[in-house]
Amino acid sequence: MGPVIGIEVDGTAVEVPEGASLLAAARAAGAEVPALCHDDRLSPAGSCRTCLVRADGRIAAACVTPASLGTRVETATEDLRELRRDAVEVIVSALPPRALAADNPTELAHICRSLGIGPETAAGAGGGGGDDSHPFVHLDRDLCIACGRCVRMCSEVQGTFALTLTGRGADTVVAPGTGGPWAGSDCVACGGCVDTCPTGAITEPGPARGLTSGTATGDALTRTTCGYCGVGCTLDVLTSAGAVTAVLPARDGSVNRGHACVKGRFAHGYLTSPERLTQPLVRRDGRLEPTGWDEALDRVADGLRAAVVAGGPDAVAAISSARATNEENYLVQKFMRVAIGTNNVDNCSRLCHSPSAAGLTASFGLSGGTDSFDDAERADCLLVVGANPVEAHPVVGARLLQGALRGASLVVVDPRAVGLAEHADVHLRPRPGTNVALFHGLAHVLLAEGLTDSDFLRERATGLPELTELLADYPPDRVADITGVPAADLITAARLYGRAELPAIFYGLGVTEHLHGTDGVRALSNLAILRGAVGTGRGFGVNPLRGQNNVQGASDMGALPDVLPGYGKVTDAAVRARAREVWGVPVPQRPGLRIPEMFTAARDGRLRALWIIGEDVCATDPDTSQVARALDACPLVVCSELFLSQTARHADVVLPVASWLEKDGTFVNFDRRFQRVRPAVPPPDQARTDFAVVHALAGVLGVDLGCPTPADALAECARLAPVFGGISHDRLDREGAVPWPCPGPDRPGEATLYRERFATPDGRAHLSAAPYLPPGEQPDAAYPLVLVTGRRWAHYNSGSMTRRGGNLSLDPADVLDLHADDAARYGLRDGAPVTVESRHGRARLIARVGEQVAPGQVFCSFHFPASGVNSLTSGHADTVTSCPEYKVTAVRVGAP
Ligand SMILES: Nc1nc2c(c(=O)[nH]1)N[C@H]1C(S)=C(S)[C@@H](COP(=O)(O)OP(=O)(O)OC[C@H]3O[C@@H](n4cnc5c(=O)[nH]c(N)nc54)[C@H](O)[C@@H]3O)O[C@H]1N2
Ligand SMILES: Nc1nc2c(c(=O)[nH]1)N[C@H]1C(S)=C(S)[C@@H](COP(=O)(O)OP(=O)(O)OC[C@H]3O[C@@H](n4cnc5c(=O)[nH]c(N)nc54)[C@H](O)[C@@H]3O)O[C@H]1N2
Ligand code: SF4
Ligand code: FES
Ligand SMILES: [Mo]
């Protein structure tokens, strides 16, 4: 905290940070000062004059007047009240009576009640009309007071600049900048305008109309952590009669600070979808039929026993869920290791950031990002590589954008013109699959131009001679040939990163989902090591934007085939001994199967039972026809799901489970923060939590897994894994978020890693000297285009949740982006159906012609399983971790 100054508010002395406004000071002193055009998340506007106070005898608008040492502030005198009342009355008199209806929950209605302004004051004629074209954001022009909070929220917090104030004088109202209806505007439905509007002019439809995170209070609110992406936004869920009415962004959220995105904020319609699974299903005569839990669990237990009899414990495998809680993942891996006796357990980190885990561990020692986002967003150079946070991690994307707008230099490395690229100082567009060459090119320039930290390299790193030798082969011209990135741009980017005082690297799947994804992570880490920008405070390291809400946690909890909770290796006798002490049974020593190996083993007849928890492998794993073959070959497939997913359709038993809004536990977000998850509503009908299901199945098998509650499970994990030793539900309930490593209850978590030493065996950061190798999939005459797959803002992965609600109308189909040259070459028109074929399968999409992709490349998402995108992707995978090469597939396109 910076310096504080003392002032006096209504006769009481208070201390406030230097530079604080009188409004903040008054509120710190407990005074109630209305502030209609103000929101703490925004810069002050000072336009409404409802916040008038007297400062050293003079009337001042508190929101825009800074406190200075010794200021004497009066907030509560009758004359001030009257001045405020006059100001608000003028505003309200133009509004129609509904603005102050008796049960109106808005900030304006509260302020009027507190100032004694009666409903009769609102006597405007109305007639401005509304806009209800958008599923989540409705506009009632008559209620707009032109305070501009929505416009500032959209520009200063979200960074979309979708809104503007139009008209003159008393007729000024908010409108989408594009003109026309809201639904066709640039709005990405982060809900920011809805959450700041003080009058209900912009509101979400339905029972939460007019409520915001500033006005909603009471027992109907449940604080939890978002169950979509890995940002880990803190959300307050408003319920009524056992149903969710709204999800509000918590203003004191550890990461999000009052912001959220279209998924966390609005994509909860799936909860009550008629397609939701509410009863277990078992296959009888080839058909899935409803049954009770007893029969379903008996079927699973019989199948597991038969598999073990036929093939031993290693004939059984489980895919655990990065959507589920830590406690559930902990219990699943314990079940597999203790009740079955195998290490065959994995999670979708395999498909996503397993190269980060491997690469960061090899370079620095621990399997997580190196720094806290709170620090890293202060960087003066942001290197954003193979990540599209504006769409995939919107709250982080918005803050990175604000950083760039405040003056940080921004280097974007992505073959596509992603959202941040528009604001970048340099946008490098490498050919997909050529990252390693590109990163070596950047490193070459750093070395050649002396932009390295020689003290750091000497004292805290190893591998410089080998890397220096390798980098001789990567001069900018050669790198330009390999990657297609102009040498001059490469040099500019290297200088921006190399000369910054506090550079930070953020990266995503464009680095990991490649044949050499782990090499990519390591070559990228080289840059931070060369600069001494990790573990030193002279930069903010290397930070993966991990994907699923709890993919970091699922791996932390040991839902991986080679490590136990806390990343101790199963091959390490001391690690197994410790687990044995806690679990009371020996732990198998042979590393288990990875997800792709599970499918191969099933097709070969070695795997005889597979439990798939919350992953739609038949839609989201690569080369899905091979996945379906594997499931059909496996004698027992059990699927724990919310919906009858593509995978569930191949299962023998389908177990209906609860989702994030219906359960208790914790998630770990992308920068290693543990945060609490709390049930806001009960699961539907017979659905149970994954936690309860694992216990129930263990019970049928006659095994007591211990840890009856999620809090007990995390406590047991903390005993087993020293890095989580200080983390518990109680502590998180008190403190909100705690990052790991956190070895003891009296220790803070380590948000920033490696300040003393790296966690590698020799305590040093390890430079990697692996050469560039080409991607596995190569275009040729028959398949001339490179398909990149990835994400769109309105949908989430398989789309099972986001397709069941209003998000569907925001984005109704998977589209294929292609360049105008290619559209012309292959005779495709914008909006027309297109067939995409690879060496592995075929998909049907809608063509979208534009400038986002380069000629020779096409891009699509995989959010609509029916379009078949993952039948196109190949079996090529990262040579170290088996992470699929989702980002490079050779395809051809044509009219259907
Ligand atoms: N809206 C939304 N948000 C999500 C998800 C979602 O489905 N929808 N999913 C969540 C999950 S599970 C994850 S893992 C994250 C993923 O978040 P991101 O990693 O940001 O997602 P992607 O869009 O898959 O890929 C990122 C970028 O990599 C680029 N790329 C492809 N190949 C290369 C290459 O060779 N080099 C470089 N430098 N870049 C390349 C692509 O053009 C793409 O823009 O998002 C999470 N958040
Ligand atoms: N082509 C292509 N394919 C990709 C990618 C890509 O970039 N390109 N990205 C890959 C990546 S990074 C990832 S992470 C995967 C994601 O792939 P998946 O993990 O398959 O995708 P999701 O849709 O997130 O969730 C899977 C299922 O979990 C269910 N579910 C949700 N919550 C819970 C819960 O609490 N418990 C249980 N039991 N089930 C639940 C949902 O209904 C959904 O059907 O996709 C991968 N596939
Ligand atoms: S940014 Fe991620 S964590 Fe935050 S609301 Fe959106 S999906 Fe949820
Ligand atoms: S809140 Fe201070 S002028 Fe509007
Ligand atoms: Mo992911």
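The values are calculated or read from the model by the stated rules, or taken from the named source; none is laboratory data. For clarity, every value in this text was computed on a predicted model and none was experimentally measured. Glycine gets a Cβ as well: all are built from the backbone with ideal geometry, and neighbour counts include every protein chain shown.
Residues to consider are 131, 86, 79; find the one that is in contact with a His (Cβ under 8 Å, 6 or more places away or on another chain) and charged (D, E, K, R).
Sole residue among the options that is in contact with a His (Cβ under 8 Å, 6 or more places away or on another chain) and charged (D, E, K, R): 131.
Count of region 845-873 residues, restricted to those that are away from ligand 2 (no atom under 15 Å from the Cβ) and either free of Cβ contacts under 8 Å to residues at least 40 places away in the same chain or more than 18 Å from residue 388 (Cα to Cα) (or both), is 7.
A quick yes/no check of all residues on (1) more than 16 Å from ligand 2 (Cβ to nearest atom); (2) closer than 22 Å to residue 78 by Cα; (3) surrounded by fewer than 19 Cβ atoms within 10 Å (Cβ to Cβ); (4) not small (Gly, Ala, Ser):
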residue: 3; (1), (2), (3), (4): yes, no, yes, yes
residue: 6; (1), (2), (3), (4): yes, no, yes, no
residue: 16; (1), (2), (3), (4): yes, no, no, yes
residue: 19; (1), (2), (3), (4): yes, no, yes, no
residue: 25; (1), (2), (3), (4): yes, yes, no, no
residue: 48; (1), (2), (3), (4): yes, yes, no, yes
residue: 62; (1), (2), (3), (4): yes, yes, no, no
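Checked against (1) surrounded by fewer than 22 Cβ atoms within 10 Å (Cβ to Cβ); (2) out of contact with any strand residue (DSSP E or B) (no Cβ under 7 Å at 6 or more places or on another chain), residue 354 passes all but condition (1). If you filter region 539-565 down to residues that are farther than 24 Å from residue 374 by Cα and not aliphatic (A, V, I, L, M), you find that the one that is surrounded by the most Cβ atoms within 10 Å (Cβ to Cβ) is 558. Against the test of being buried (at least 18 other Cβ atoms within 10 Å of the Cβ) and charged (D, E, K, R), the options 195, 219 yield a single qualifying residue, 195. Within region 20-36, residues that are hydroxyl-bearing (Ser, Thr, Tyr) reach partners that are away from ligand 4 (no atom under 12 Å from the Cβ) with beta carbons closer than 8 Å, at six or more positions or on different chains, in the pairs 21/66; 21/67.
Matching residues to (1) aliphatic (A, V, I, L, M); (2) assigned to a loop (DSSP other than H, G, I, E, B); (3) out of contact with any Phe, Trp or Tyr (no Cβ under 6 Å at 6 or more places or on another chain):
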residue: 494; (1), (2), (3): yes, no, yes
residue: 497; (1), (2), (3): no, no, yes
residue: 537; (1), (2), (3): no, yes, yes
residue: 555; (1), (2), (3): no, no, yes
residue: 588; (1), (2), (3): no, yes, yes
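Report whether or not residue 407 is of a type outside the set (D, E, K, R) and either in contact with a helix residue (DSSP H, G or I) (Cβ under 7 Å, 6 or more places away or on another chain) or in a helix (DSSP H, G or I) (or both). Spelling it out, it is not the case that residue 407 is of a type outside the set (D, E, K, R) and either in contact with a helix residue (DSSP H, G or I) (Cβ under 7 Å, 6 or more places away or on another chain) or in a helix (DSSP H, G or I) (or both). When each of 438, 447, 451 is tested for being within 32 Å of the chain's Cα centre (by Cα), surrounded by 16 or more Cβ atoms within 10 Å (Cβ to Cβ) and not small (Gly, Ala, Ser), the lone residue that passes is 438. Is it the case that some residue within region 830-844 is of a type in the set (A, V, I, L, M, F, W, C), closer than 22 Å to residue 517 by Cα, in contact with a strand residue (DSSP E or B) (Cβ under 6 Å, 6 or more places away or on another chain) and not assigned by TED's automatic domain parsing to the domain that holds residue 617? No, region 830-844 contains no residue that is of a type in the set (A, V, I, L, M, F, W, C), closer than 22 Å to residue 517 by Cα, in contact with a strand residue (DSSP E or B) (Cβ under 6 Å, 6 or more places away or on another chain) and not assigned by TED's automatic domain parsing to the domain that holds residue 617.
Considering only region 820-887, give the strands (runs of 3 or more DSSP E) lying wholly within it that have at least 2 residues that are more than 21 Å from residue 625 (Cβ to Cβ).
Correct list: 842-849, 857-861.
Of the residues in region 190-239, how many are among the polar types (S, T, N, Q) and within 16 Å of ligand 1 (Cβ to nearest atom)?
Residues meeting the conditions: 1.
With respect to being small (Gly, Ala, Ser) and in contact with a Phe, Trp or Tyr (Cβ under 8 Å, 6 or more places away or on another chain), residue 365 fits the description.
Is it the case that residue 755 is at pLDDT below 95 and under 30 Å from residue 442 (Cα atoms)? It is true that residue 755 is at pLDDT below 95 and under 30 Å from residue 442 (Cα atoms).
Each residue in region 51-72 was checked for being of a type in the set (Asp, Glu) and either assigned to a strand (DSSP E or B) or within 16 Å of ligand 3 (Cβ to nearest atom) (or both), and 0 pass. Scanning region 605-635 for residues that are in contact with a Gly (Cβ under 8 Å, 6 or more places away or on another chain) and either assigned by TED's automatic domain parsing to the domain that holds residue 870 or surrounded by fewer than 23 Cβ atoms within 10 Å (Cβ to Cβ) (or both) yields 606, 625, 626, 633, 635. Residue count for region 362-397, restricted to those that are part of a helix (DSSP H, G or I), of a type in the set (Gly, Ala, Ser) and either under 18 Å from the mean Cα position of the chain (by Cα) or surrounded by 24 or more Cβ atoms within 10 Å (Cβ to Cβ) (or both): 4. Restricting attention to region 357-382, which residues are of a type in the set (A, V, I, L, M, F, W, C), touching a strand residue (DSSP E or B) at 6+ places or on another chain (Cβ under 7 Å) and within 15 Å of ligand 1 (Cβ to nearest atom)? Matches in region 357-382: 382 only.
The residues on offer are 400, 420, and the sole one that is assigned to a helix (DSSP H, G or I), within 14 Å of ligand 1 (Cβ to nearest atom) and either of a type in the set (Gly, Ala, Ser) or without any contact (Cβ under 8 Å) to a residue 60 or more places away in the chain (or both) is 420. On the stretch given as region 186-207, residues that are in contact (Cβ under 8 Å) with a residue 40 or more places away in the chain, at negative phi and not β-branched (Val, Ile, Thr) total 10. Scanning region 807-829 for residues that are buried (at least 20 other Cβ atoms within 10 Å of the Cβ) and either farther than 17 Å from residue 848 by Cα or within 16 Å of ligand 5 (Cβ to nearest atom) (or both) yields one hit, 807. Condition first: modelled with pLDDT of 95 or more, of a type in the set (Asp, Glu) and surrounded by fewer than 18 Cβ atoms within 10 Å (Cβ to Cβ). Can you find one or more residues in region 227-248 that meet it? Checked region 227-248: no residue is modelled with pLDDT of 95 or more, of a type in the set (Asp, Glu) and surrounded by fewer than 18 Cβ atoms within 10 Å (Cβ to Cβ).
Scanning region 711-752 for residues that are within 23 Å of residue 373 (Cα to Cα), of a type in the set (A, V, I, L, M), assigned to a loop (DSSP other than H, G, I, E, B) and at pLDDT 95 or above turns up just one, 727. Can you confirm whether region 620-639 contains a residue that is part of a loop (DSSP other than H, G, I, E, B) and more than 16 Å from ligand 2 (Cβ to nearest atom)? For region 620-639, residues part of a loop (DSSP other than H, G, I, E, B) and more than 16 Å from ligand 2 (Cβ to nearest atom): present.
Hey, any hits in region 675-692 for a residue that's at positive phi and touching a Gly at 6+ places or on another chain (Cβ under 6 Å)? Checked region 675-692: no residue is at positive phi and touching a Gly at 6+ places or on another chain (Cβ under 6 Å).
Here is the figure for region 234-284: residues that are assigned to a loop (DSSP other than H, G, I, E, B), among the aliphatic types (A, V, I, L, M) and within 16 Å of ligand 3 (Cβ to nearest atom) total 4. Answer with yes or no whether residue 236 is closer than 30 Å to residue 508 by Cα, of a type in the set (Asp, Glu) and in contact (Cβ under 8 Å) with a residue 24 or more places away in the chain. In short, no.
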